[in-house]
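Some notes on the structure that comes next.
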Amino acid sequence: MRPSDVAALLQGRATDAAYAGGWALVRALPDAVAHRLFRVGADLAHRRGGKGVSRLRSNLARVAPHADLDALTRDALRSYARYWCEVFRLPVTSTERVVSGMHIVDEHRLRAAVASDRGTVLALPHCGNWDHAGAWCGATGVPFTTVAERLKPESVYDRFVAFRESLGMEVLPLTGGDRPTFDVLVERLEAGGTLCLLSDRDLTARGVDVQFFGAGARMAAGPATLALRTGATLIPTTLSFRDDGWECVFHPEVPHTDVPTMTQAVATAFEAAIARHPQDWHMLQRLWLDDLETR
């Protein structure tokens, strides 16, 4: 084994141990203490800055141009820290709290789609706490399939998959599965199942160009493509935090037309939700095409 391979192996083991140890520690702490520690960490990250914080600040400047950008960036980091704290503590969060703490807007849209047996695609942005929303779905009778990007090391990816499957999700790998992921998703929809897909960023050649807050961006084609292929219902779904819990909004069904038009409709729904709760949008990567051009 080459020295570089040994170093990568040791680094992977250290990362896995850090995740495992941190996960166990946060679960063991009192809830208020855990959240306070994550908030302190968010404020420290805000003061230090760095590449991810700078990108978050730049993204927020586009979606909330008239806001106090420094305060908004701090609040967005606190929101992101809250997400991670809640994810680590979700295994010790009661089902009663998961359900009672979720404020649902237009739940009838979800229930009607699921009852139709056409298959349902829920397209989500990186907002609020999507793992908590997944737990809510599982607890209220809506099992679903989702897709996860492989993390390095593989053991960390396996931990997250096992955790999400314990909440009632079926998790497929974005790449490297036994079968093409798209084919499995089609099968799930044709059987009347539900998919939850994070969809507000796709900078690959497969992404669809959309207008987003007045500039060109690229978003995932998968939700619209799957809906057209199978006849499934496509519902943009947005999440945000409340002081006493969480909020989930099921937007109107996107009419079946073509992939670019449907993807733009999803982007427009995301745009309205993010404008209302910009601090809960956790986008620390490049999204707009002109940001890529000036890279």
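The values are calculated or read from the model by the stated rules, or taken from the named source; none is laboratory data. Note that the coordinates shown come from a computational prediction; the quantities given were computed from them, not determined experimentally. Here Cβ is always computed from backbone atoms with ideal geometry, including for glycine, and neighbour counts include all displayed protein chains.
Counting the residues of region 38-77 that are in a helix (DSSP H, G or I) and free of Cβ contacts under 8 Å to residues at least 24 places away in the same chain gives 11. Summed over region 254-289, residues that are more than 19 Å from residue 69 (Cβ to Cβ) and either touching a Gly at 6+ places or on another chain (Cβ under 9 Å) or crowded, with 18+ Cβ neighbours inside 10 Å (or both) total 12. Annotation: residue 186 fulfils all but one of (1) touching a residue at least 40 places away in the same chain (Cβ under 8 Å); (2) within 17 Å of the chain's Cα centre (by Cα); (3) surrounded by fewer than 20 Cβ atoms within 10 Å (Cβ to Cβ); the unmet one is (2). Of the residues making up region 173-217, just one is among the basic types (Lys, Arg) and modelled with pLDDT of 95 or more, namely 188. For region 236-253, a residue qualifies if it is part of a strand (DSSP E or B) and of a type outside the set (D, E, K, R), and the qualifying residues are 236, 237, 238, 239, 240, 241, 245, 246, 248, 249, 250. Pairs are defined by a Cβ separation below 9 Å, a sequence spacing of at least 6 or placement on different chains, a first member in region 116-132 that is closer than 22 Å to residue 280 by Cα and in contact (Cβ under 8 Å) with a residue 40 or more places away in the chain, and a second member that is of a type in the set (Lys, Arg) and not in a loop (DSSP other than H, G, I, E, B); the pairs so defined are 129/82; 131/164.
So which residues in region 212-233 are in a loop (DSSP other than H, G, I, E, B) and crowded, with 19+ Cβ neighbours inside 10 Å, if there are any at all? Across region 212-233, the qualifying residues are 220, 232. Just to be sure, is residue 291 under 26 Å from residue 53 (Cβ atoms) and either modelled with pLDDT under 95 or touching a Leu at 6+ places or on another chain (Cβ under 9 Å) (or both)? Yes; evaluated as a whole, the condition is true for this residue.
Restricting 263, 238, 194 to those that are closer than 24 Å to residue 84 by Cα, of a type outside the set (A, V, I, L, M, F, W, C) and in contact (Cβ under 8 Å) with a residue 24 or more places away in the chain reduces the list to 238. Residues of region 88-105 that are free of Cβ contacts under 8 Å to residues at least 60 places away in the same chain and buried (at least 18 other Cβ atoms within 10 Å of the Cβ): 98 alone.
Being in contact (Cβ under 8 Å) with a residue 24 or more places away in the chain and in contact with a strand residue (DSSP E or B) (Cβ under 7 Å, 6 or more places away or on another chain) holds for only one residue in 244, 280, 291, and it is 280. Would you confirm whether any residue within region 151-166 is among the aromatic types (Phe, Trp, Tyr), farther than 15 Å from residue 120 by Cα and modelled with pLDDT of 75 or more? The answer is yes; a qualifying residue exists.
When restricted to residues that are of a type in the set (Gly, Ala, Ser) and farther than 23 Å from residue 166 by Cα, region 86-122 contains 4.
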